[in-house]
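The values are calculated or read from the model by the stated rules, or taken from the named source; none is laboratory data. Computed from a predicted model, the values in this text were never measured in an experiment. Neighbour counts are summed over all protein chains in view; Cβ atoms, including those assigned to glycine, are modelled from backbone coordinates with ideal geometry. Please note that ligands, DNA and RNA were not included when accessible areas were found on the heavy atoms of the full protein model with its side chains. Shrake-Rupley method; radii C 1.70, N 1.55, O 1.52, S 1.80 Å.
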Amino acid sequence: MYRSQKWLFFVLFFSSFFLQAQEENVIPTVIDSLYREDQVYFSFTYNIVSGTPSEIRTSQFSGGFHTGFIRDFPINSRRNVALGLGLGWSIDTYGHNLYVGEAVEGEGTYFAVLDRDRVDFNTNRFTTQSIDLPIQFRWRTSTPESYKFWRIYAGLRPGYVYYFQSKFVQDGNTYRESDVPEFEKLRLGATFTFGYNTFNFSLYYSLNSFFKDATVNNEDLDLRTFQLGLTFYLL
């Protein structure tokens, strides 16, 4: 009987010692109360052109790809309201029925609205590549413990277009134009993003026209874009 009690004592003693050692080796979970939502983003958009003259319409597929990094600056103690400043890159294509070419006489550019009933063409689009500086006012339901949350981001996206090319293709004829003095290289658009976790819907509307001091049939050319897309944020 005494021997059984002795063994029981040793079992309980070493069990408590082992459990205490296990507890000491457990790595504690560190909660960052000063977290930021710094994010890399990828966005795919469908681009729609609109403006005046009213005869200008989107044709064929027009799309864009946008990527970059946004730095998060929380402005409240809960850190669910913040400002976001970033740097990004975009490539966009716009299919439409506005012809952009070199003027026959004198300097400047010739613009014309193409009528499908009179002019048969396979492709008419222009492509842009730009450096972007997104600015966002951010609201989210985030907490220091969770990376999955609802978000609403609204702001502006200034950009500089360093590459522009207009391309017109019909049977037996291909014309490209990249030297367009009327093209506005400085772009500015309003943005709105909402969603949950990684997947988010995004909207963009340009606040200035693609072209300045340009006319079509004696009517001011005011061509803008509306972009509807899907944005992915990676922490």
For this session: Please verify whether region 23-39 includes one or more residues that are at pLDDT 85 or above, open to solvent by 80 Å² or more (accessible area, probe 1.4 Å) and either over 30 Å from Ala112 (Cα atoms) or assigned to a loop (DSSP other than H, G, I, E, B) (or both).
Result: yes
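Going through Ser166, Ser178 one at a time, which residue ends up being of a type outside the set (Val, Ile, Thr), in contact with a strand residue (DSSP E or B) (Cβ under 6 Å, 6 or more places away or on another chain), at pLDDT 90 or above and open to solvent by 60 Å² or more (accessible area, probe 1.4 Å)?
After applying the criteria, what remains is Ser178.
Looking for something open to solvent by 20 Å² or more (accessible area, probe 1.4 Å) and within 12 Å of the chain's Cα centre (by Cα) - is there at least one such residue anywhere in region 210-229? Step through it out loud before you land on a result.
Residues of region 210-229 open to solvent by 20 Å² or more (accessible area, probe 1.4 Å): 212-213, 215, 217-220, 222, 224, 226, 228.
Applying the additional criterion that residues be within 12 Å of the chain's Cα centre (by Cα) yields 228.
Yes, some residue in region 210-229 is open to solvent by 20 Å² or more (accessible area, probe 1.4 Å) and within 12 Å of the chain's Cα centre (by Cα).
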Problem set entry | Filtered residue count, region 183-207, keeping only those that are under 17 Å from Pro158 (Cβ atoms) and part of a strand (DSSP E or B) | 14
Problem set entry | Matching residues, region 150-182, being more than 20 Å from Ser130 (Cβ to Cβ), in a loop (DSSP other than H, G, I, E, B) and either free of Cβ contacts under 8 Å to residues at least 40 places away in the same chain or in contact with a Phe, Trp or Tyr (Cβ under 7 Å, 6 or more places away or on another chain) (or both) | Gly172
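I'd like to check something: does region 100-110 contain any residue that is assigned to a strand (DSSP E or B), in contact with a strand residue (DSSP E or B) (Cβ under 8 Å, 6 or more places away or on another chain), open to solvent by 80 Å² or more (accessible area, probe 1.4 Å) and more than 24 Å from Thr215 (Cβ to Cβ)? Spell out how you get there, then give the answer.
The first filter runs over region 100-110 and keeps only residues assigned to a strand (DSSP E or B), leaving 100-102, 109-110.
Next cut, in contact with a strand residue (DSSP E or B) (Cβ under 8 Å, 6 or more places away or on another chain) only: 100-102, 109-110.
Imposing the further condition that a residue be open to solvent by 80 Å² or more (accessible area, probe 1.4 Å) reduces the set to 102, 110.
Within this subset, residues satisfying the condition of being more than 24 Å from Thr215 (Cβ to Cβ) are none.
No; the residues of region 100-110 include none that is assigned to a strand (DSSP E or B), in contact with a strand residue (DSSP E or B) (Cβ under 8 Å, 6 or more places away or on another chain), open to solvent by 80 Å² or more (accessible area, probe 1.4 Å) and more than 24 Å from Thr215 (Cβ to Cβ).
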Seminar exercise, completed: Counting only residues in region 131-153 that are under 15 Å from Phe192 (Cα atoms) and among the aromatic types (Phe, Trp, Tyr), the one least open to solvent (accessible area, probe 1.4 Å) is identified as Tyr153
Exercise. How many residues are open to solvent by 80 Å² or more (accessible area, probe 1.4 Å) and out of contact with any Phe, Trp or Tyr (no Cβ under 9 Å at 6 or more places or on another chain) if we restrict to region 183-200?
Worked result: 0
For this session: Looking for whichever is open to solvent by 30 Å² or more (accessible area, probe 1.4 Å), within 30 Å of Arg224 (Cα to Cα), modelled with pLDDT of 75 or more and assigned to a strand (DSSP E or B) here; the options are Phe61, Phe42. Which one fits?
Result: Phe42
For this session: Could you tell me whether any residue of region 73-82 is under 25 Å from Asp171 (Cβ atoms) and not in a strand (DSSP E or B)?
Result: no
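Given the options Ile135, Ile48, Ile70, Ile75, name the one that is free of Cβ contacts under 8 Å to residues at least 12 places away in the same chain and closer than 22 Å to Asn200 by Cβ. Don't jump to the end; show me each part of the working.
On the way: Ile135 fails: free of Cβ contacts under 8 Å to residues at least 12 places away in the same chain; Ile48 fails: free of Cβ contacts under 8 Å to residues at least 12 places away in the same chain; Ile70 fails: free of Cβ contacts under 8 Å to residues at least 12 places away in the same chain.
Of the residues listed, the single one that is free of Cβ contacts under 8 Å to residues at least 12 places away in the same chain and closer than 22 Å to Asn200 by Cβ is Ile75.
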Problem set entry | Answer from Ser77, Ser15, Ser54, Ser4 - the residue that is loosely packed, with under 10 Cβ neighbours inside 10 Å, hydroxyl-bearing (Ser, Thr, Tyr) and modelled with pLDDT under 50 | Ser4
For this session: For Phe121, indicate whether it is assigned to a loop (DSSP other than H, G, I, E, B) and open to solvent by less than 40 Å² (accessible area, probe 1.4 Å).
Result: yes
